[in-house]
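Engineer: Sharing a structure here in structure tokens format.
The values are calculated or read from the model by the stated rules, or taken from the named source; none is laboratory data. What you see is a predicted model, and the numbers here were worked out from it, not measured in a lab. Cβ atoms come from the backbone with ideal geometry, glycine included; neighbour counts cover every protein chain shown. Accessible surface areas use protein heavy atoms only, side chains included; no ligands, DNA or RNA. Shrake-Rupley method; radii C 1.70, N 1.55, O 1.52, S 1.80 Å.
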Amino acid sequence: QVQLVESGGGLVQTGDSLRLSCAAFGLIFSWYTMGWFRQAPGKEREFVATISWNGASWNGASTVYADSVKGRFTISRDNAKNTVYLQMNSLKPEDTAVYYCAVPRAQHTTPRQEYEYGYWGQGTQVTVSS
């Protein structure tokens, strides 16, 4: 019943910005941590960013980022719209990948490993040219 729909990907140049959106259906959105992952051709899927459900944090932080995107990407959420966003600035060719939105299997949790995420969107392609 849970469905995640990503949008906002596209073809951009190095240094440009994009904002990805993920609309969630079939869950009480504010009760769930949300995550972004990406997968480049020939590589394994990797963690990008996550934002906690309203009442939780990771050692006091409500967001966590991969080192490769820290300072360039910002994750946010709008509970009234059941949507999580990923603002991507200063894009690099190495950011080229399919970006996936994900939700953990259980509500009221702060997942720390990929296996804890149980629902995935179909992905949106981000291509950054030199």
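Engineer: Residues being closer than 20 Å to residue 118 by Cβ and either free of Cβ contacts under 8 Å to residues at least 24 places away in the same chain or not aromatic (Phe, Trp, Tyr) (or both): count how many of those fall in the stretch 1-51.
Structural biologist: Selection size over the stretch 1-51: 25.
Engineer: Right, something else. Quick check, is residue 128 within 14 Å of residue 18 (Cβ to Cβ) and at pLDDT 95 or above?
Structural biologist: The answer is yes for residue 128.
Engineer: Sticking with this structure for a sec: Please note which strands (runs of 3 or more DSSP E) are completely contained in the stretch 21-130 and include at least 2 residues that are open to solvent by 40 Å² or more (accessible area, probe 1.4 Å).
Structural biologist: It comes to 46-51, 63-65, 73-78, 117-120, 124-129.
Engineer: Take the conditions out of contact with any Pro (no Cβ under 6 Å at 6 or more places or on another chain) and modelled with pLDDT under 95 and apply them to residue 114. Does it pass?
Structural biologist: yes
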